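Visitor: Once you've had a glance at the structure underneath, I'll fire off some questions.
The values are calculated or read from the model by the stated rules, or taken from the named source; none is laboratory data. No experiment lies behind these values; they were computed from the predicted model shown. Cβ atoms come from the backbone with ideal geometry, glycine included; neighbour counts cover every protein chain shown. Ligands, DNA and RNA are excluded from the accessible area calculation, which covers all protein heavy atoms including side chains. Shrake-Rupley method; radii C 1.70, N 1.55, O 1.52, S 1.80 Å.
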Amino acid sequence: MRRTAAVAASLLVLAAPAADAAPLPDPVRAMIASAAAREDPAVLATVLSVARQANPDSLDEIDALAADLAAGPAGPEPEPALEVAAAAAPAAASLDEAVWKGSIELGGAIAQGRTETVGGYGVIDVSRLAPGWSQRLTWRGDYQETDGRASTQRLSLAYEPRARLSPQRYAFGLAQYEHDRFLGVERRYTVGAGLGVQLARSEELKIAVDLGPALRLTETREFGEERAAAGRASLNIRWLPTERVTLSQEAAVYADEQQTSAKSITALETLLFGPLKGRLSYNMQYERDARVARSDLDTTTRASILYTF
């Protein structure tokens with residue numbers, strides 16, 4: 001890596017534009033130097049291509065830089081060149097700036113017959129991605145009426161920061177609020193942290209598993225307010241078999257001495273046009289309380305529209 005960085009640094013100092021050509025801007029020169037220091041030919045080729053398109057009057061100078069990089073260093077570079085490269089590095093920092101991505105999902109149902117059912121479902125999922133760390137904020141709401149009376153009333157809000165420890169390992173945090181009237185959960189707050197591993201991280205397939213402790217404050221109609229330490233485990237899978245189809249699985253399990261709760265969302269997404277996708281999902285929520293030998297399982301199949309940004 002020092003060899004490539006030395007070449008990139010020397011280019012910042014030694015390369016000079018031809019007399020009849022427009023000089024290459026210093027930020028573009030610094031961007032090429034930063035790409036060379038990464039020792040990734042694909043990244044360097046992409047940066048050179050962008051530089052050529054953005055600076056058509058400096059093609060000769062860009063080609064000369066590319067030729068010098070391909071030839072490699074002739075010998076050790078003087079220390080001042082390294083100082084110039086370090087000073088110019090912030091100009092290329094825009095390549096690593098955080099980006100926002102997210103989705104808005106909306107669905108509804110109307111059924112008439114022996115019973116009349118009206119319901120709506122919504123999800124807002126927003127992530128901020130940066131080199132080495134990320135943040136995710138998720139809001140879910142689900143409401144349904146049957147014969148004029150509420151039969152589903154569910155709300156959750158979760159914040160999940162994540163820091164990368166290595167290409168495969170990461171640390172995570174969790175702060176979550178839940179309300180589910182018909183499962184008996186008036187309010188439930190969860191705070192947790194732990195470690196995770198990415199079992200697969202290609203463009204087509206991503207698999208992540210994490211585990212850690214959690215503290216939960218739960219208020220139910222039956223037992224009032226309770227506090228408990230729990231263990232948490234989660235699984236996230238995202239597979240793109242084609243450019244237009246995505247299969248995903250999100251699951252999380254919480255367990256303490258008396259209670260166990262689990263959530264699972266299995267989904268199939270199909271690109272419709274532009275930023276819109278059609279989504280078919282199977283949602284499961286499970287609650288078990290050993291004190292009363294009771295368990296509740298709620299499953300829902302949904303078809304919805306997904307807007308991505």
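Visitor: Quick one: which residue in Gln198, Gln135, Gln176, Gln153 is more than 19 Å from the chain's Cα centre (by Cα) and surrounded by 15 or more Cβ atoms within 10 Å (Cβ to Cβ)?
Guide: Within the list Gln198, Gln135, Gln176, Gln153, the selection yields Gln153.
Visitor: Related question: Looking only at the range 102-113, decide whether some residue is in contact with a Ser or Thr (Cβ under 9 Å, 6 or more places away or on another chain), more than 30 Å from Leu276 (Cβ to Cβ), assigned to a strand (DSSP E or B) and open to solvent by 30 Å² or more (accessible area, probe 1.4 Å).
Guide: no
Visitor: Could I ask something else about it? What do you reckon, is Tyr159 touching a strand residue (DSSP E or B) at 6+ places or on another chain (Cβ under 9 Å) and open to solvent by less than 60 Å² (accessible area, probe 1.4 Å)?
Guide: Answer is no for this residue.
Visitor: Next question. Looking at (1) in contact (Cβ under 8 Å) with a residue 40 or more places away in the chain; (2) more than 17 Å from the chain's Cα centre (by Cα); (3) closer than 26 Å to Gln144 by Cα, can you tell me which one Thr308 breaks?
Guide: Result: Thr308 fails condition (2) only.
Visitor: Something else: Could you grab me the full set of residues in the range 222-247 that are under 15 Å from Gln198 (Cα atoms) and of a type outside the set (D, E, K, R)?
Guide: Ala233, Ser234, Leu235, Asn236, Ile237, Trp239 - these are the residues of the range 222-247 that are under 15 Å from Gln198 (Cα atoms) and of a type outside the set (D, E, K, R).
Visitor: Is there any pair with a first residue in the range 182-208 that is at positive phi and a second that is at pLDDT below 95 and open to solvent by less than 90 Å² (accessible area, probe 1.4 Å) whose Cβ atoms are under 8 Å apart and which are 6 or more apart or on different chains, and what are they?
Guide: Qualifying pairs under 8 Å: Gly184/Thr220; Gly184/Glu287; Gly184/Asp296.
Visitor: Any residue in the range 224-250 that is part of a strand (DSSP E or B) sitting within a Cβ distance under 6 Å of a residue that is of a type in the set (Val, Ile, Thr)? List the pairs, counting only those 6 or more apart or interchain.
Guide: Within 6 Å, the pairs are Glu226/Thr218; Ala233/Val253; Leu235/Val209; Ile237/Ile207; Val245/Thr270; Gln249/Ile237; Gln249/Thr266; Glu250/Ile265.
Visitor: Filter the range 52-77 for residues that are in a helix (DSSP H, G or I), at pLDDT below 75 and open to solvent by less than 40 Å² (accessible area, probe 1.4 Å) and give the result.
Guide: Correct list: Leu69 only.
Visitor: Is it true that some residue in the range 202-210 is open to solvent by less than 80 Å² (accessible area, probe 1.4 Å), in a strand (DSSP E or B) and in contact with a Lys or Arg (Cβ under 7 Å, 6 or more places away or on another chain)?
Guide: no
Visitor: Please identify the pairs in which a residue from the range 133-161 that is basic (Lys, Arg) has its Cβ atom under 6 Å from the Cβ atom of a residue that is modelled with pLDDT of 95 or more and open to solvent by 30 Å² or more (accessible area, probe 1.4 Å), counting only partners at least 6 apart or on another chain.
Guide: If the second residue must be modelled with pLDDT of 95 or more and open to solvent by 30 Å² or more (accessible area, probe 1.4 Å), the pairs left are Arg136/Glu160.
Visitor: Would you confirm, using the coordinates I've provided, whether Pro80 is closer than 30 Å to Pro161 by Cβ, modelled with pLDDT under 75 and in a helix (DSSP H, G or I)?
Guide: No, not satisfied.
Visitor: Within the range 277-309, can you find the residues that are among the aromatic types (Phe, Trp, Tyr), loosely packed, with under 15 Cβ neighbours inside 10 Å and assigned to a strand (DSSP E or B)?
Guide: The answer is Tyr282, Tyr307.
Visitor: For Tyr254, state whether it is buried (at least 16 other Cβ atoms within 10 Å of the Cβ), in contact with a strand residue (DSSP E or B) (Cβ under 9 Å, 6 or more places away or on another chain) and of a type in the set (Phe, Trp, Tyr).
Guide: Here the answer is yes, as Tyr254 does meet what is asked.
Visitor: Moving on to the next point. Is there a residue in the range 253-276 that is modelled with pLDDT under 95, of a type in the set (Gly, Ala, Ser) and not in a strand (DSSP E or B)?
Guide: The answer is yes; a qualifying residue exists.
Visitor: Something else now. Tell me, please, whether a residue that is touching a strand residue (DSSP E or B) at 6+ places or on another chain (Cβ under 6 Å), closer than 30 Å to Ala33 by Cα and either assigned to a helix (DSSP H, G or I) or at pLDDT 90 or above (or both) can be found in the range 90-99.
Guide: yes
Visitor: Tell me which residues, restricted to the range 138-149, are within 20 Å of Leu106 (Cβ to Cβ), open to solvent by 50 Å² or more (accessible area, probe 1.4 Å) and acidic (Asp, Glu).
Guide: Glu145
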